[in-house]
Amino acid sequence: MSETVPYDVHRLRELAGEIIVNVRELAALGWTPATSSNFSHRLDDAHAAITVSGRDKGKLREGDIMVVDMDGRAVGSDHRPSAETLLHTQLYARFPDIGCVLHTHSRAQTIASRLFAGAGHVRLEGYELLKAFRGNDTHEAAVDVPVLPNSQDMSTLAAQVDALFDRGPLWGYLIDGHGLYAWGRDMAEARRHLDAFEFLLDCELELRRLTAGH
Ligand SMILES: CSCCC(=O)C(=O)COP(=O)(O)O
Ligand SMILES: [Zn+2]
């Protein structure tokens, strides 16, 4: 006998498939080392599909994706959702147009977060690729990627993230020594934003190397 759950199981399976395909690609790029990173997609107004905590993100299977409510509580599953679930659900709860949240730990993201933690942001300026961010129609406007202090207390981190939105449009943020959060209306847009951040952060790091000592 199958248990009745308060969400569309068919839609969950569709989203799980989409998450698995995309996350395998990200893992193959080396952006999810040592079981790090977490990924989610809005399922409906009250639920999100998210990765189970501690799983190898390069080897995700359907059973590694579970459902949480918008307070981050597991729904219809005994698994433990990502330790960072609150950083996903806070975005879904506050912004109805956010449909997908991606969190990775690439080398460029992690090094940039360390290098720019003191400044509190990484300024991205003068790059054509800035147009990859939704609503940003020109390379001329600077985009400041916030860098938040790391914490194991997700409520503390979530409160800091909440405050970032007072400053203007935001497509992602870094956490010091930790990694990057990026989001979009759907998986394709969230991937585009994540890819753009990765490329631009890598450019900034390379520029620093090339101009060191000059
Ligand atoms: C070994 S990585 C430490 C936790 C982390 O930062 C992460 O992204 C993965 O946590 P999860 O609970 O989502 O597996
Ligand atoms: Zn993490």
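Readers should treat all values here as calculations from the given coordinates under stated rules, not as data from a laboratory. These numbers were taken from a predicted model, which means no experiment stands behind them. We place every Cβ from the backbone using ideal geometry, glycine too, and count neighbours over all the protein chains shown.
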Please list the non-local residues whose amide H lies under 5 Å from the amide H of I98, H modeled 1.01 Å from N, same-chain partners needing a gap of 5 or more. none
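Could you grab the Rg to Rh ratio for the chain? Cα atoms only, Kirkwood for Rh. Intermediate results must be reported in sequence, preceding the final value.
Details: Rg = 17.1 Å, Rh = 17.6 Å.
Across the chain, the Cα-based Rg/Rh ratio is 0.98.
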In nanometres, the difference between 0.36 nm per residue of separation and the alpha-carbon distance of L164 and K59 is 34.5 nm
Helix 9-28: angle to the longest alpha-carbon principal axis of the chain, degrees 0 to 90, nearest 10? 30
Give a residue-ordered list of calculated ³J(HN,Hα) values for the stretch 97-106 (Karplus: 6.51 cos²θ - 1.76 cosθ + 1.60, θ = phi - 60°; whole Hz; x for Gly, Pro). 8, 7, x, 8, 10, 10, 10, 10, 10, 5
Please say if the stretch 1-124 is rounded, prolate or oblate, where rounded means a/c under 1.5 for a ≥ b ≥ c the square roots of the C-alpha gyration tensor eigenvalues, and otherwise the choice is prolate for a/b larger than b/c and oblate otherwise? prolate
Amide H contacts under 5 Å for S106, placed H, 5+ residues apart: L180
For the stretch 113-119, Karplus-derived ³J(HN,Hα) couplings (6.51, -1.76, 1.60; θ = phi - 60°; whole Hz; x for glycine and proline) come out as 5, 6, 5, 10, 4, x, 6
Taking a label point 7 Å from the Cα of D78 along the Cα→Cβ vector, which residues of the stretch 1-28 have an amide N closer than 13 Å to it? none
Classified through the alpha carbon gyration tensor (a ≥ b ≥ c as square roots of its eigenvalues; rounded if a/c is under 1.5, else prolate when a/b is larger than b/c, else oblate), the stretch 173-214 comes out oblate
Within the set L201, L87, L164, GNM on the chain using Cα springs under 10 Å gives the largest fluctuation to L164
With label points set 7 Å from each Cα along the Cα-to-Cβ direction at E125 and A212, the distance between them in nm comes to 2.3
Can you list the HN-Hα couplings for the stretch 175-184, worked out from phi with the Karplus curve (6.51, -1.76, 1.60; θ = phi - 60°), rounded to whole Hz and with x for Gly and Pro? 10, 4, x, 10, x, 10, 10, 9, 8, x
If I model a spin label as a point 7 Å beyond the Cα along the Cα-Cβ vector, how far apart are those points for T156 and L29 in nm? 3.0
Under 20 Å from the 7 Å Cα→Cβ point of R134, by amide nitrogen: which residues of the stretch 174-211? 174, 180-200
Taking the chain as the reference, fit the longest principal axis to its C-alpha atoms, fit the long axis of helix 85-94 to the helix C-alpha atoms, and give the angle between the two in degrees, 0 to 90, nearest 10. 90
Give, in nm to one decimal, the length gained when the segment between R185 and R94 is fully stretched (0.36 nm per residue of separation minus the Cα-Cα distance). 31.4 nm
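Calculated from DSSP H runs of 4 or more alone, at -39500 (n - 2.57) each and per residue, what is the 222 nm mean residue ellipticity of the chain, nearest 500?
Details: 5 runs with 75 residues, N = 214.
Computed mean residue ellipticity for the chain: -11500 deg cm²/dmol.
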